[in-house]
Amino acid sequence: MHPITRLASHHNMTTITKKDLVAELSNATGIKHADTLAMVEAFMELVSKNLAEGNEVTLRTFGTFDLRVARGKIGRNPKQPNSEVMIPDRCVVRFKPSKELKSRVAALSVHTVNGVQSMNGNHV
């Protein structure tokens, strides 16, 4: 299997779409674009299905997707700030990155992240 390399050097953060990932995977592995797309979509469906069943999904060296309960709270309608609306408890997906992923991200220069601001509000 070929290592995955970036299509271009990114000095600022860029949004990478499913289409971009499929193209990179297809180029890196030599697998047809349509087959790569089918695998990516099947992978996403499996992760979604397992989470919807209450299962945790762990990808070693990448991270873990699991479910948490977001506690209910009182919300306000911005158009009617005096009226309160109760937002009930709900299940949310949480992603916990692995140590390896945390290390790779921590190694980034803050200057590579587009729009990063320091604590005092100045751009870094």
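The values are calculated or read from the model by the stated rules, or taken from the named source; none is laboratory data. Here the structure is a predicted model, which means the values were calculated and not measured. Please note: Cβ atoms are built from the backbone with ideal geometry, for glycine as well, and neighbour counts cover all protein chains shown. Only protein heavy atoms, including side chains, enter the accessible area calculation; ligands, DNA and RNA are left aside. Shrake-Rupley method; radii C 1.70, N 1.55, O 1.52, S 1.80 Å.
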Mind checking whether some residue in the stretch 44-62 is part of a strand (DSSP E or B), out of contact with any Phe, Trp or Tyr (no Cβ under 6 Å at 6 or more places or on another chain) and under 23 Å from K19 (Cα atoms)? yes
Apart from one, (1) modelled with pLDDT of 95 or more; (2) open to solvent by 90 Å² or more (accessible area, probe 1.4 Å); (3) not charged (D, E, K, R) all hold for Q117; the odd one out is (1)
field: Any chance P88 is modelled with pLDDT of 95 or more and open to solvent by less than 100 Å² (accessible area, probe 1.4 Å)
entry: yes
- Message: Going residue by residue through the stretch 36-56, is there one that turns out to be modelled with pLDDT of 95 or more, over 25 Å from C91 (Cα atoms), of a type in the set (A, V, I, L, M) and open to solvent by 70 Å² or more (accessible area, probe 1.4 Å)?
- Response: yes
* Flag for S103 being modelled with pLDDT of 95 or more, open to solvent by less than 80 Å² (accessible area, probe 1.4 Å) and more than 30 Å from E53 (Cβ to Cβ) -> yes
Only one of (1) more than 19 Å from the chain's Cα centre (by Cα); (2) surrounded by 11 or more Cβ atoms within 10 Å (Cβ to Cβ) does not apply to N77, and that is (2)
Among residues of the stretch 1-35 being at pLDDT below 95 and of a type in the set (G, A, S), the residue least open to solvent (accessible area, probe 1.4 Å) is A8
